[in-house]
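Notes for the one structure printed next.
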Amino acid sequence: MMPRFFDANIFRGARRAAALLAAAALLNAAAPARAATETARRPAPTGEVALAAGLSVDGLPAVSGQTVFPGSSFSTEEKARGMVELGNRARVELSGWSALRLDFSDEGLGGALDKGSARLSVPRDIAATLTTADASVASDRAETALFTLRVSAEGTTLTVQSGRVEMRAGGAARTAGAGESLHAARGSQPSPPPQSNNLSGKKKAGLFFGIAGAVAVIILILAGGDDDEVEEPCPVIVVSGDVPPGC
């Protein structure tokens with residue numbers, strides 16, 4: 001017959017194992033609740049309007065120092081300039097007549113540029129992506145980046161001042177480094193932007209009339225060269241005798 005103390009040891013061991021299993025189950029059940037609590041305590045990402053002249057946020061005039069949240073829409077008046085500084089240390093500048101919808105978090109930012117121009121300053125370890133009707137661009141988070149994205153009737157142009165930024169369009173991807181530019185339009189693949197004539201209508205008219213005036217002056221000079229030369233007085237002073245021929 002088995003001793004009684006052996007049965008007691010088995011019973012105590014079983015109780016200890018059951019207690020450990022119950023404690024583990026409680027810890028596993030509490031983990032999601034603890035994570036949810038920590039997430040709730042974490043403040044929501046925000047940004048701040050740094051330049052407000054001519055800038056609107058969600059359709060209302062912006063005020064310098066105004067707090068902005070992810071999903072906000074920004075627009076600028078003609079010849080205006082707006083700037084937003086984000087909590088992740090990134091900065092977004094909008095030129096005149098621009099429209100941008102912006103999402104951001106502690107780890108990155110993204111948005112859609114409908115028109116105009118946006119200049120982004122992105123610190124290291126922050127991912128930045130923007131889309132337009134023609135292309136999408138994404139900065140390399142391994143280094144700081146400073147780049148400008150411009151939307152016009154000719155398409156989308158990316159200009160990189162520092163860092164590396166990838167443009168995707170037309171089923172292809174191409175990366176631009178500091179001092180380089182890429183262009184895409186209506187389904188075309190990224191390529192260096194075409195040489196454009198940046199002269200305005202008034203400048204073009206002035207250049208045309210200037211060239212026409214220069215041509216007219218040249219014609220008058222050439223036409224005047226065919227006239228008979230004017231005979232100059234004879235420089236010889238006659239004291240006596242015959243007058244020299246030609247005088």
Subset of region 149-193, residues surrounded by fewer than 15 Cβ atoms within 10 Å (Cβ to Cβ) and on the phi > 0 side of the Ramachandran plot, comes to GLY171, GLY179, ARG186, GLY187
**Report entry** Qualifying residue in region 93-112 (condition: touching a Phe, Trp or Tyr at 6+ places or on another chain (Cβ under 8 Å), more than 23 Å from ASP134 (Cα to Cα) and of a type in the set (Gly, Ala, Ser))
**Finding:** no
Residue pairs within 6 Å by beta carbon, gap of at least six or interchain, first lying in region 144-167 and closer than 12 Å to LEU182 by Cβ, second in a strand (DSSP E or B) and among the charged types (D, E, K, R), listed first then second, are THR148/ARG119; THR157/ARG150; MET167/ARG174
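A quick yes/no check of all residues on (1) within 30 Å of ALA112 (Cα to Cα); (2) among the basic types (Lys, Arg); (3) modelled with pLDDT of 95 or more:
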| site | (1), (2), (3) |
| --- | --- |
| ARG4 | no, yes, no |
| LEU20 | no, no, no |
| ALA25 | no, no, no |
| ALA31 | no, no, no |
| THR39 | yes, no, no |
| ARG42 | yes, yes, no |
| GLY47 | yes, no, yes |
| PHE69 | yes, no, yes |
Over region 114-131, the set of residues among the charged types (D, E, K, R) and within 18 Å of GLY87 (Cβ to Cβ) is ARG124, ASP125
Flagged pairs (Cβ under 8 angstrom, 6 or more apart or on separate chains; first in region 54-73, within 16 Å of LEU109 (Cα to Cα); second basic (Lys, Arg) and at pLDDT 95 or above) are GLY71/ARG101; SER72/ARG101; SER73/ARG101
Here the residues within region 96-112 that are surrounded by fewer than 17 Cβ atoms within 10 Å (Cβ to Cβ), farther than 15 Å from GLY71 by Cβ and small (Gly, Ala, Ser) are GLY96
Per the filter on region 54-71, residues at negative phi and buried (at least 18 other Cβ atoms within 10 Å of the Cβ) are LEU55, VAL57, ALA62, VAL68
For region 142-165, does any single residue satisfy the condition of being over 27 Å from GLN189 (Cβ atoms), among the hydrophobic types (A, V, I, L, M, F, W, C) and touching a Ser or Thr at 6+ places or on another chain (Cβ under 9 Å)?
no
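The values are calculated or read from the model by the stated rules, or taken from the named source; none is laboratory data. What you are looking at is a predicted structure, and each value in this text was computed from that prediction instead of being measured. Note that we place each Cβ from the backbone using ideal geometry, even for glycine, and neighbour counts take in every protein chain shown.
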